Amino acid sequence: MQSVFDGATVSVNCSAPPGGPGFPTIDMTQIPRYGSTGTVAGHVSHVNPSQYSVAAYIRVNGFWYVKPTYADPFTIILSDGGWSLSVTSDTREDSFAAFTIPNTYNPLGNFASIPADLYAHSVASSVRHRSDRNFDARGKSDLIVFRPSSGVWFSKLSGGGPAMFNWGTQGDIVVAADYEGQGKSNYAIFRPSTETWYIRNQDGSTTVQGWGSPGDIPVPGDYDGDGKADIAVWRPSNGIWYVIPSSHPNQPIFMAWGGVIDGVQDIPVPADYDADGKTDFAVFRPSTGEWFIIPSSNPSSTIHVSWGGVVNGAQDIPVPADYDGDGKADIAVWRPGTGVWYIIPSATPSATLAQAWGGTGDIPVPADYDGDGKADLAVWRPGNGIWYVVPSANPSSPIFTPWGGGEDVPANIPVGQQH
């Protein structure tokens with residue numbers, strides 16, 4: 001599969017259903033809720049089910065385990081392209097991976113990082129991570145605010161009580177993410193005054209990395225697909241993304257995408273839009289409401305979608321996230337003037353969604369707060385410090401939780417907008 005990412009042409013048998021001839025794909029459409037056993041399921045297209053199988057993995061405590069078992073690593077593909085397997089051995093998975101492999105290839109067993117050999121022998125792959133604002137490895141987004149005046153983080157963890165942690169100072173930008181690949185976010189800040197990143201590691205040590213220039217916007221994400229967030233910035237003045245890939249930090253990535261058009265600055269909206277486990281370079285152009293995306297699985301086929309814009313003088317706020325649970329970030333905006341969320345579900349793009357939640361002055365903070373693998377509609381209200389969440393697993397029972405207020409900055413603001 002790596003050769004495909006590098007732009008090479010590979011030979012694949014696509015002569016039989018499902019889907020007929022075409023570029024092989026694999027999706028994960030179902031994962032168990034965090035803390036429970038259940039089924040991992042998905043769909044494969046454009047390969048012959050008699051010649052290919054699925055190799056599926058779960059990650060627990062930073063280690064990947066093949067499923068159903070080490071001795072039986074193959075999951076059959078049904079004639080309609082469907083595949084599924086039960087996960088009953090553990091309930092603490094923070095990530096899932098699935099690969100379409102030829103039956104002649106024996107997938108590797110358990111490992112700390114997904115090996116290049118597995119990507120090389122697969123014709124399609126899909127990786128899904130649970131919440132990216134999960135500080136306690138419980139598979140659910142936590143309520144976190146950063147108080148700039150004191151540099152204190154106030155955390156209301158889904159798996160326990162409140163916690164306080166001093167990390168940062170006035171003027172710092174919150175860049176919390178899983179930089180170590182352990183299934184939980186690190187406390188981290190980017191200091192614009194010195195263009196320096198300060199990351200609190202899980203073992204108590206500190207990573208300090210100079211990366212960026214004045215005016216850069218921090219855009220951490222897993223650009224190399226190794227399960228670890230990479231230090232990255234986007235420079236509006238020239239539209240270039242500067243990335244330090246954690247898998248090979250001595251070979252930084254530079255990608256020109258976006259910029260300032262007719263005096264209006266694009267907004268970086270990096271996310272995994274193609275479910276290959278890698279963050280894609282993407283920008284939202286507020287003046288026209290256009291989205292420009294480079295899917296990492298097929299970078300020569302860029303995505304251009306018009307969705308959102310400026311309404312009655314108010315600019316829509318981009319809020320990409322996986323609202324339908326198919327492993328792909330959905331294109332979405334939140335309209336401050338009306339509080340309406342407008343979403344294009346990647347699984348059913350013709351069935352767009354519009355739902356009112358929030359209002360003027362609120363800050364949108366979509367994330368998976370209930371651990372069902374889907375991003376929930378949510379806003380944080382600075383005036384009273386209340387988090388208003390519509391849990392996708394039980395939308396008729398919204399959640400209202402007071403946490404923070406005033407000058408605080410919620411850690412769950414979409415990447416690229418914490419500046």
| field | Sulfur and carbon atoms: percent of accessible area, the range 210-296 [1.4 Å] | value | 54
| message | Using the basic label-point model (7 angstrom from Cα toward the beta carbon), what is the PHE111 to PHE23 distance in nanometres? | response | 2.4
| query | Dipole magnitude of the chain about its Cα centre, charges +1 at Lys/Arg Cβ and -1 at Asp/Glu Cβ only, in debye to the nearest 20? | reply | 500
| request: Give me the distance between the Cα centres of the range 212-261 and the range 302-320, rounded to whole Å. | output: 22
| said: What's the ranking of 107-117, 226-236 by average number of surrounding C-beta atoms within 10 Å, highest first? | reply: 226-236, 107-117
| remark: Mean Cβ-within-10 Å packing, highest first, puts peptides 72-81, 39-48 in the order 39-48, 72-81
| task | Would you mind calculating the relative contact order of the chain from Cα pairs under 8 angstrom and at least 6 residues apart, reporting the percent as a whole number? | result | 11
| the chain - mean residue ellipticity at 222 nm from DSSP helices (-39,500 (n - 2.57) per run, n ≥ 4, rounded to 500) | -500 deg cm²/dmol
| query | With all protein chains present, how much of the accessible area of the range 298-419 (probe radius 1.4 Å) comes from carbon and sulfur, to the nearest whole percent? | reply | 56
| task | Work through the residues other than PRO107 whose Cβ is under 14 Å from its Cβ and net out their charges, Lys, Arg +1 and Asp, Glu -1. | result | -1
| remark: Computed over the chain, protein heavy atoms only, probe 1.4 angstrom, the accessible area per residue in square angstrom equals 39
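Please list the three semi-axes, largest first and in whole Å, of the ellipsoid equivalent to the range 150-279, using sqrt of 5 times the eigenvalues of its alpha carbon gyration tensor.
Values for the range 150-279, descending: 25, 18, 14 Å.
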| field | At q = 0.06, 0.10 Å⁻¹, base-10 log of I(q)/I(0) for the chain (Debye sum, equal scatterers on each alpha carbon) | value | -0.23, -0.66
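The values are calculated or read from the model by the stated rules, or taken from the named source; none is laboratory data. Worth saying up front: this structure is predicted, and the values here are computed from it rather than measured. Cβ: placed from backbone, ideal geometry, glycine included. Neighbour counts: every protein chain shown. These area figures cover heavy atoms from the full protein model, side chains too; ligands, DNA and RNA do not enter into them. Shrake-Rupley method; radii C 1.70, N 1.55, O 1.52, S 1.80 Å.
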